[in-house]
Amino acid sequence: MAKVKKGVDWETFGKLRGSEKRAYFTRDGNIFHVIMSQQFDRKFLDEICALATKVRGISKGNKGVLFLQSLLQGKRAMLYFVQPSTRTFLSFMAACQILGIHCSEVRDTSTSSEMKGESQEDTVRTFSSYVDLVVMRHYEAGFAERIAFLLNQTSRPVPVINAGSGKDQHPTQALLDIYTLHRSFENYGGIDGKRIAFVGDLKRGRTVRSLVYLLRNYEGVKLYFVAPQELQMGDDLKQYLREQKVRFEETDNLEEVVSSVDAVYMTRIQDEYDEAGESKHIDYSAYRFKKEYLKILPPNTIIMHPLPRREEIPVEIDDDKRAMYWRQVRNGMWVRVTLIATIFRKDKDIKEY
Ligand code: CP
C-alpha cells in the first residue's frame, strides 16, 4: 500500500495505538472517519449525547423535519454491507433519509465486479468516487480502517463509517449504547461511577469491545465480565483497562451480579465466527437472563442487548420498564443522524435551531 500524505506507511500506522490513530480520522480537528471507539474522548461523547437529544426534539414538528431534511440535501451515501445486518443497515438508511441524503447499497457481492476478480479495495475506491460517505459492515476485523487509510491517500477522500468489522469493533453501536446509558442515568448521577455487567460471548462480541473502550472515558466505573471461560474477554482489552485504571472483575455467576449492578448488557453467542463448530459444546444456558431475575434486579438497573437476540432474554421481559433494548434500537437512529450531521459539520446548525 502506498504512503499516506501525512507521511506514515500502512505498517507504521498499524503499530500505532488507537488513540494515536485519532489524527488520521479527523480533518481540521473535526471528526471525519468513524473507525474505532478509542478515537473518541469524553467531550465528544457528551456533545453527541446532547446533540442527539436536540435532534429528537427538532424531529417532533413538521418544520423541524424539513429543517433536518435540508441539512445534507444533495449528498449521496453508499451502504456497503457485506455481512448480515438488520438494525445497523436500516438505521443508517433512515438516518440518511432524515438528513436528506440519497442512499445506494451493496449487500450482495455476487452482483458486483468482485466476481470478476476485482479486489474489495478497488470496489470500495470505485464507489467512493460516486458518493460523499461510505458506511461499511464487513466480516474482516480492520477492513474499514484499511479503507479509511486508503481513501486518505486519494485526491477525493470521503468519510468512512465502520458499521461493524468482524470480531473487532462496532463503534456506532457503542455510541448508541452510551446514549442509552446517558439517558437512563440522567437523573441518577450520569454514567460516572456506574457498575456495568457484560454477559455472554465477550471474546467475539464486537459491541461489547467497542462499548468497553468508550467506558474508560467515565470516572469510577466498574465492569463485570460474566462469561464461560472459553468466551471471556480478550487479554488485549483487559490489559487496556489495567493501563487506563478501569476496575473490572471476571465471573461466571450471573445471578450474583444481577442484584448488584446498574446495567446488565446481554449478548448472544457469536457462532458465525466458529471455525469448526467449537462453541456448540459450550453450555450457554447460565448466561440467559431468567424471568425470576427481575425480582432481584434493583429498581433502577437497566437491561441492555445490542440485538439480535436468541434465548438470552425471554420476550416476557420486554414489557418491564427496565428493559432498554428496544429503546437502544430507536436511539441508534438518532445517534447516527447526529454523527453524520457532525461529520458534515452541521452540528452548529442543529445547536442553533
Ligand atoms: N446491533 C446490530 O448491529 O444489529 P444488526 O446486526 O442487525 O445490524
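The values are calculated or read from the model by the stated rules, or taken from the named source; none is laboratory data. Keep in mind the model is a prediction, meaning the values are calculated, not measured. Note: ideal-geometry Cβ built from the backbone for every residue, glycine included; neighbour counts use all protein chains shown. Calculation scope for accessible area: heavy atoms of the full protein, side chains included, ligands and nucleic acids excluded. Shrake-Rupley method; radii C 1.70, N 1.55, O 1.52, S 1.80 Å.
Show the residue pairs that are 6+ apart or on different chains and have beta-carbon atoms under 9 Å apart, the first residue being within segment 11-31 and on the phi > 0 side of the Ramachandran plot, the second being among the hydroxyl-bearing types (Ser, Thr, Tyr) and assigned to a helix (DSSP H, G or I).
none
Scan segment 149-166 and tell me whether some residue there is modelled with pLDDT of 95 or more and more than 27 Å from residue 72 (Cα to Cα).
Checking segment 149-166: at least one residue is modelled with pLDDT of 95 or more and more than 27 Å from residue 72 (Cα to Cα).
Among the listed residues 237, 214, identify the single one that is open to solvent by less than 10 Å² (accessible area, probe 1.4 Å), more than 14 Å from the ligand (Cβ to nearest atom) and within 24 Å of residue 329 (Cβ to Cβ). Show your work before the answer.
Details: 237 fails: within 24 Å of residue 329 (Cβ to Cβ).
Of the residues listed, the single one that is open to solvent by less than 10 Å² (accessible area, probe 1.4 Å), more than 14 Å from the ligand (Cβ to nearest atom) and within 24 Å of residue 329 (Cβ to Cβ) is 214.
Which one is nearest to residue 272 (Cα to Cα), of the residues in segment 98-117 that are among the polar types (S, T, N, Q) and either without any contact (Cβ under 8 Å) to a residue 24 or more places away in the chain or in a loop (DSSP other than H, G, I, E, B) (or both)?
Here the residue is 110.
List, please: which pairs have Cβ atoms under 9 Å, are six or more places apart or on different chains, and start with a residue in segment 123-146 that is not assigned by TED's automatic domain parsing to the domain that holds residue 79 and end with one that is modelled with pLDDT under 95 and part of a helix (DSSP H, G or I)?
Matching pairs, first to second residue: none at all.
Taking segment 66-97 as the search range and keeping residues that are open to solvent by less than 10 Å² (accessible area, probe 1.4 Å) and either in a strand (DSSP E or B) or in contact with a Cys (Cβ under 7 Å, 6 or more places away or on another chain) (or both), which one is nearest to the ligand (Cβ to nearest atom)?
Among those residues, the one meeting the criterion is 81.
Test residue 276 against the criterion of being more than 21 Å from the chain's Cα centre (by Cα) and either free of Cβ contacts under 8 Å to residues at least 24 places away in the same chain or loosely packed, with under 14 Cβ neighbours inside 10 Å (or both), and give yes or no.
Taking the combined requirement at face value, the residue satisfies it.
In segment 147-200, how many are in contact with a strand residue (DSSP E or B) (Cβ under 6 Å, 6 or more places away or on another chain), assigned to a helix (DSSP H, G or I) and either closer than 18 Å to residue 323 by Cα or open to solvent by 30 Å² or more (accessible area, probe 1.4 Å) (or both)?
Residues meeting the conditions: 1.
Please go through segment 304-331 and pick out each residue that is more than 15 Å from the ligand (Cβ to nearest atom) and of a type in the set (Val, Ile, Thr). I'd like the intermediate steps shown before the answer.
Within segment 304-331, the first condition is being more than 15 Å from the ligand (Cβ to nearest atom), and the residues that meet it are 311, 314-323.
315, 317, listed by residue number.
Can you name the condition, by its number, that residue 338 falls short on among (1) away from the ligand (no atom under 16 Å from the Cβ); (2) not assigned by TED's automatic domain parsing to the domain that holds residue 26; (3) not in a strand (DSSP E or B)?
(2)
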